[in-house]
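Working notes, structure below.
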Amino acid sequence: MENTPLFTNDTIVFGVLMLSLGLIFYTESKENGFWSKFYKIVPGLFMAYMLPALLTTLGIISPEWESISSAGDTVVHKSNLYYMASRYLLPAALVLMTLSIDLKAVFNLGWRALVMFFTGTIGIVIGGPIAILLVSIVSPETVGGAGPDAVWRGLSTLAGSWIGGGANQTAMLEIYGYNQKLYGGMVFVDIVVANLWMALILIGIGKSKKINNWLNADTSSIESLKEKMSTFSESVKRNPSVTDMMLMAAIAFGTVSFAHFGSGYLSSYFSTVVANITSETTRNIFTFLGSSFFWMISIATIIAILLSFTKAKNYEGAGASKFGSVFIYILVATIGMKMDLTLILDNTGLIAIGLIWMSIHALLLILIAKLIKAPYFFLAVGSQANVGGAASAPIVASAFHPSLATVGVLLAVLGYAIGTIAAIACTILMEIVAVSA
């Protein structure tokens with residue numbers, strides 16, 4: 001059965017996404033009337049995510065679709081826009097947003113950032129088995145299955161994805177040998193639940209002051225960093241020339257180029273090193289080192305931090321972080337494009353497990369944030385560093401202030417490092433609960 005969207009050409013789809021972003025920014029700029037009231041409730045960043053999702057749901061665009069060839073075979077087509085945005089624009093945005101970073105001030109954000117990150121991790125570890133237990137009471141067959149078809153084996157891939165990222169998810173698939181013909185169902189749950197949670201976090205950003213008041217949060221360190229960065233930006237502010245813009249593009253995409261070049265060698269080298277590790281457990285823990293995406297983001301961030309100690313940081317005055325924000329919004333639009341809202345109604349049993357799982361993660365974060373008086377920023381970024389990884393943690397962090405994007409990256413990299421071993425702990429608990437259910 002064909003499910004071809006109205007527009008299949010990536011050039012056209014990119015134009016549709018850019019028109020959507022233009023519409024959002026135009027309406028958000030209105031100071032009076034309906035739109036002014038609307039954006040006080042709904043953040044523009046959320047709309048940048050949701051409008052492409054609606055376009056996908058309506059069949060106007062799509063990240064993936066099937067068609068039937070003249071020979072009667074099913075042909076799968078994929079849009080390359082998310083790949084382009086995550087591999088080219090994301091690292092470029094990180095460079096431009098990190099140029100002016102004050103690393104000492106970032107570290108001065110304190111212990112609450114790490115506490116909230118690890119709280120998010122623990123929420124995923126215990127959320128899986130609790131979700132299986134609760135769903136098994138109502139629908140035992142949903143959490144059943146035997147051998148490679150056992151649902152808990154499939155859910156192990158979600159644990160890997162929601163604590164670390166794609167590399168950790170793949171590692172869990174290999175460790176527990178889940179039936180790869182059924183794996184698509186788990187990927188579907190991952191996309192739906194993780195994207196719904198990200199949508200809620202983006203809505204929360206627009207209400208962060210109220211949330212911080214409810215949490216009795218100490219926002220002094222964050223506000224101090226934001227104030228420091230704003231003061232620096234004003235001190236070097238200038239009208240950017242064509243030379244400024246070309247040099248910023250050279251710095252950003254030159255770094256992206258080197259990051260891709262280096263990641264190719266490093267991922268290949270470490271893949272061989274990890275493959276030669278005798279212990280299977282140790283080997284699977286360090287699988288993420290073979291991910292080219294991990295090394296690409298890490299190299300780009302390291303170079304950007306080093307550049308922040310040079311005169312390159314003065315390009316913040318020419319609008320470096322603003323250009324980075326443009327790239328981030330494009331990335332958000334391509335992520336939103338991956339979300340078909342009608343899919344929520346499919347496979348409701350697994351979706352229910354995912355929603356309960358994510359709710360436990362969220363509730364634990366809220367509880368700990370309330371206890372330690374952590375700002376909503378730490379809750380949101382701590383969660384996305386786990387659930388969304390390096391692709392979305394910087395998005396959420398930069399929504400608070402462009403200079404905070406690096407915080408999201410650093411925590412996401414930590415998620416890659418502990419992702420597999422934490423996911424194994426979660427899977428052991430899920431297996432115990434599923435077998436005894």
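The values are calculated or read from the model by the stated rules, or taken from the named source; none is laboratory data. Just so you know, these numbers come straight off a predicted model, no measurement behind them. Quick reminder, even Gly has a Cβ in these numbers, built from the backbone with ideal geometry, and neighbours come from all protein chains shown. Accessible surface areas use protein heavy atoms only, side chains included; no ligands, DNA or RNA. Shrake-Rupley method; radii C 1.70, N 1.55, O 1.52, S 1.80 Å.
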What is the pair-distance distribution P(r) of region 195-263, computed from all Cα-Cα distances in 10 Å bins starting at 0, with each bin given as a whole percent? 15, 22, 26, 31, 6
Could you sort F34, F378, F253 by their accessible area in this structure, using a 1.4 Å probe and putting the largest first? F34, F253, F378
With -39,500 (n - 2.57) per DSSP H segment of 4 or more residues and division by the full residue count of the chain, the 222 nm estimate, nearest 500 deg cm²/dmol, is -23000 deg cm²/dmol
Pairwise over distinct Cα atoms, reciprocal of the mean inverse distance: report the Kirkwood radius of region 211-331 in Å, one decimal place. 17.5 Å
Which Cα, out of S398, H77, L225, lies furthest along the positive dipole direction of the chain (beta carbon charges, K/R +1, D/E -1)? L225
So, counting K/R as plus one and D/E as minus one, what does the shell of residues with Cβ under 14 Å around M248 add up to? +2
To the nearest 10 degrees, how steeply does helix 220-235 sit against the main Cα axis of the chain, on a 0 to 90 scale? 40 degrees
Label-to-label distance, nm, for residues given as H77 and L54 (7 Å Cα→Cβ offset): 2.5 nm
Using only alpha carbon positions, build the gyration tensor of region 283-416, then give the equivalent ellipsoid semi-axes as the square roots of 5 times its eigenvalues, largest first, whole angstrom. 29, 18, 18
In the neighborhood of K78, defined by Cβ-to-Cβ distances under 13 Å, what is the net charge if each Lys or Arg adds +1 and each Asp or Glu adds -1? -2
Give the ranking of K181, K313 by solvent-accessible surface, highest area first, calculated with a 1.4 Å probe. K181, K313
Leaving ligands, DNA and RNA out of it, rank I395, I360 by accessible area with a 1.4 Å probe, largest first. I360, I395
Y315: net charge of surrounding residues, Cβ under 13 Å, Lys/Arg +1, Asp/Glu -1, itself excluded? +3
Quote to one decimal, in nm, the extra length available between V326 and L200 on full extension: 0.36 nm per residue of separation minus the C-alpha distance between them. 43.2 nm
Between I372 and L103, what length in nm is gained on full extension when 0.36 nm per residue of separation is reduced by their alpha carbon distance? 94.5 nm
Which value, to two decimals, describes the C-alpha radius of gyration of the chain once divided by 2.2 N^0.38 Å? 0.98
Relative to the Cα centre, what is the charge dipole magnitude of the chain, using +1 at the beta carbon of each Lys and Arg, -1 at the beta carbon of each Asp and Glu, and rounding to the nearest 20 debye? 1380 debye
How many percent of the accessible area of the chain is carbon or sulfur, using a 1.4 Å probe? 65 percent
What FRET efficiency comes out for E64 versus S235 if R0 is 60 angstrom and r is the Cβ-Cβ distance? Round to the nearest 0.05. 0.80
Once the principal axes of the Cα atoms of region 48-151 are found, what is the range along each, listed largest first in whole angstroms? 60, 43, 27
Per 5 angstrom bin, beginning at 0 and ending with the bin that holds the maximum distance, the Cα pairs of region 371-437 fall in percents of 4, 18, 21, 16, 13, 11, 9, 5, 2, 0
Collect residues whose amide H, placed 1.01 Å from N in the peptide plane, falls under 5 Å from the amide H of E64; neighbours closer than 5 in sequence don't count. S79
Show me, for region 72-89, the HN-Hα J-couplings you get by feeding each phi into the Karplus relation (A = 6.51, B = -1.76, C = 1.60, θ = phi - 60°), rounded to Hz, glycine and proline as x. x, 8, 7, 10, 9, 10, 10, 7, 9, 5, 5, 4, 4, 5, 7, 9, 10, 6
